[in-house]
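See structure below.
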Amino acid sequence: MPELPEVEIARRHLARWFRGHRVLHAEADATRIFRGAQRKKFSELTGRVESLERRGKYLLLTFEADRGLLAHLGMTGKFVRRPERHTEPHSRARFHLDDGSVIHFKDSRLFGRMEPARATQLHHLKAILALGRDPLVEGLTAEQLQEAVGRSRSELKVALMDQGRVAGLGNIYAAEALFLAGLHPARKPATLKPEEWQRLAQAIHDVFQEALEQAEAQGEEQVYLEEDSSQNPFRIYGRAGEPCSKCGTRVQSFTQGGRTTHFCPKCQPKRSKGSKR
């Protein structure tokens, strides 16, 4: 579930937790989160964290002596801070700090990823080079969005979720942005008009900003939607069968690109090319 806002909040938490402290000891269990990377290199990630960046859904941690780590949260991964000797369920890797706390990477489903690498090589790793524009780091104008997505032959929501086009945008926030912009998820990008690209670019920024504010309000303990199904903070995602918050029409869903898409048939009509608003 973690998309750009959740990963950005994880980055901010880690930056606060590492600031002013040293990693005395790093350890990782033998699990598939390393996916062929050298797990033993994880134990070398000690000392101070000199920088902590995010690109799309990836975190890039730079340690002393040109040591680095590429991290991806996957579907259920998250970082938590606990006291020493605390037993954390599903903890897969740990940083022991000089203040007596431990930063755990916990991941119940093991879809997360850890890749130790030289710090100077982090931005040159294949996964990072393949990313498209990051809306939060690099900005995203209507023109830049059209340039990135407009030539895709995929349906609009599928194209938006392509990390090589827009980094960090996934199923949830793509659905939310399209709802705010009043665009049907199955539109073809080539059919969008300039004012629709403008609405969509603004909607992407708006849903990210709103999500960041909501996540910051949670405090240090991030709670993903899947962990608390009683809470759904989204306008359209996960609301199939419920009345639309704008017009009251029943929200519908369909499978798109292997994922469930939610939309309002009235607020997001599927217009053909050349149709008028």
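Just so it is clear, none of the values below were taken in a lab; they were calculated from the coordinates. The structure presented is a predicted model; accordingly, all values stated were derived computationally and were not measured. FYI the Cβ positions are ideal-geometry reconstructions off the backbone, even for glycines, and counts take in every protein chain you see.
List of remarks:
- Of the peptides 179-188, 210-219, the ranking by mean beta-carbon count within 10 Å, highest at the top, reads 179-188, 210-219.
- Using the alpha-carbon positions of the chain, Rg (one decimal) and Dmax (whole number) come out as 20.1, 64 Å.
- Working note: 222 nm ellipticity from helices only, DSSP H runs with n ≥ 4, each -39,500 (n - 2.57), summed and divided by the residues of the chain, gives -7500 deg cm²/dmol to the nearest 500.
- In Å, descending, principal axis extents of the Cα set of segment 1-89: 31, 29, 29
- Think of each Lys and Arg Cβ as +1 and each Asp and Glu Cβ as -1; about the Cα centre, that makes the dipole of segment 142-263 roughly 920 debye.
- Within segment 23-109: Cβ-based charge dipole about Cα centre, in debye rounded to nearest 20 (Lys, Arg +1; Asp, Glu -1): 520
- Neighbour-count ranking [beta-carbon atoms within 10 angstrom, fewest first] of Asp206, Asp107: Asp206, Asp107
- When His96, His13 are sorted by how many other C-beta atoms sit within 10 angstrom of their C-beta, beginning with the fewest, the order is His96, His13.
- Student exercise, the chain dipole from Lys, Arg, Asp, Glu Cβ charges, in Debye to nearest 20: 1180
- Taking segment 94-195 and dividing mean pair separation by its residue count, relative contact order in percent (alpha carbons under 8 Å, at least six apart): 22
- Directionally averaged projected area (convex hull, Cα atoms, segment 12-155), nm²: 9.9
- Summed over all non-identical Cα pairs, the Kirkwood treatment of segment 142-263 gives a radius of 15.0 Å.
- For segment 43-128, the ratio of Cα radius of gyration to the globular rule of thumb 2.2 N^0.38 Å stands at 1.08.
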